[in-house]
Structure formats: C-alpha cells, structure tokens
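Below you'll find the structure, written out as structure tokens, and then a few comments.
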Amino acid sequence: MKIEYIIELGSCILALGLLFFGVPKSKLREMSVSILLMQSLTWLLGGIVVELKLIEYPTRLFSYAFRTSFTFEFIVFPIISVLFNLYFPKKSPVMTKILYSITFPTILIIGEVILKKYTNNIKYIQWNWFYSWSSMWLTLLLAYGFYKWFFQKPTRNTGQRNGSQTTL
C-alpha cells in the first residue's frame, strides 16, 4: 500500500478517535450540527478551489467520485471544527480567543505543508500555504459564528412592547 493511502486512512482513524474521545455524550447534538455545517461548507468551497484548478489531490480516497480530498473535506476538517466549536474559550480574554483561533489552522497547515513537500497527497497549482491557512481560519470562524447563533439561549419575551403589556 502506498504511503499516501496509509496517511489518508491514518488521518481518518486519528480524526474519528478525536471525535469519539473528545466529544462528551451531552454534546452530541452540537457535534452533529457542527459537523454537517462544516461538511456543507467544505463541499462547496473545496469543490470550487479544485474546479478552478488552484489545488489538486493526486492521491485521494474515492478518486472516482470526488476531485477534492474526501479525507480532509468530509472527515478531518469537520471534526476539527467540532472540537474548535465545543472548546472555544468563550469567557476568556480576547487575546486568548485570538491565539485559540489561529492555533487550529496553524497546526493543520504545518501538516499540509509537510504532506505537500514529501507526499503526493496534495499539489498546489495556483495556491499556497497562506491561502489554505486563511481559508481554514475564516471557515472555522464562520462555522463558530453559526454554532453560537444556532445554540444561543432564547431570550424571554415578557409580552411588553413600548411600555404596554399585551395579552393573548
């Protein structure tokens, strides 16, 4: 088996392990919404990037069905997004939030650059590591914004408008 396929399968196993051990049972609903949102985003954005021939995945799982990296777009990045959303430091200082939000894409980019240099899993055509980093960073923040909005606590309606109370 080629090293590229071992990397693909190993990444899937590692990501699923992170999901299994990193998500408490009480957060399964949040996990489901987060993972489905990110899979939708990466399906669209990853597909656009590949169709514009900015990036190529010469060795990938399901190569007959997808030109994007199924492993990254549908398993690894969505699972990373779940962990990003669930453990975001909501009550921490702004600097902690900034460091948290740049750490995730930075770790992913280090892996991507290593894969690009030493394997045939990814090939930049008209792309570079900064485009990947910034697109991951923005996508994670967008997904977190949706996550916060979707799971916000509803505000109680007191039934008052302009100082008058309404009854049903």
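The values are calculated or read from the model by the stated rules, or taken from the named source; none is laboratory data. All values reported here derive from a predicted model rather than from experimental measurement. As a convention, Cβ positions derive from the backbone with ideal geometry for all residues, glycine included, and neighbour counts pool all protein chains shown.
When residue 100 is tested against the conditions (1) over 12 Å from the mean Cα position of the chain (by Cα); (2) assigned to a helix (DSSP H, G or I); (3) under 23 Å from residue 10 (Cα atoms), the lone failure is (3).
Close Cβ contacts (under 8 Å, 6 or more residues apart or on different chains) running from residues in the range 131-150 that are within 13 Å of residue 112 (Cβ to Cβ) to residues that are assigned to a helix (DSSP H, G or I) and charged (D, E, K, R) comprise 132/112.
For residue 42, the conditions (1) β-branched (Val, Ile, Thr); (2) part of a helix (DSSP H, G or I); (3) without any contact (Cβ under 8 Å) to a residue 40 or more places away in the chain all hold with the exception of (3). For residue 67, the conditions (1) at pLDDT 95 or above; (2) over 20 Å from residue 16 (Cα atoms); (3) touching a helix residue (DSSP H, G or I) at 6+ places or on another chain (Cβ under 9 Å); (4) of a type outside the set (Gly, Ala, Ser) are fulfilled apart from (1).
Taking the conditions exactly as written (at pLDDT below 95 and of a type in the set (A, V, I, L, M, F, W, C)), does residue 149 satisfy them or not? So residue 149 fits the description; yes. Checking each residue in the range 55-103 for being loosely packed, with under 15 Cβ neighbours inside 10 Å, more than 16 Å from residue 4 (Cα to Cα) and in contact with a Phe, Trp or Tyr (Cβ under 6 Å, 6 or more places away or on another chain) picks out only 89. For the range 104-116, filtered to residues that are surrounded by fewer than 17 Cβ atoms within 10 Å (Cβ to Cβ) and of a type in the set (Val, Ile, Thr), the residue that is farthest from the chain's Cα centre (by Cα) is 114.
Every condition in (1) in contact with a strand residue (DSSP E or B) (Cβ under 6 Å, 6 or more places away or on another chain); (2) loosely packed, with under 15 Cβ neighbours inside 10 Å; (3) not polar (S, T, N, Q) holds for residue 127 except the one numbered (2).
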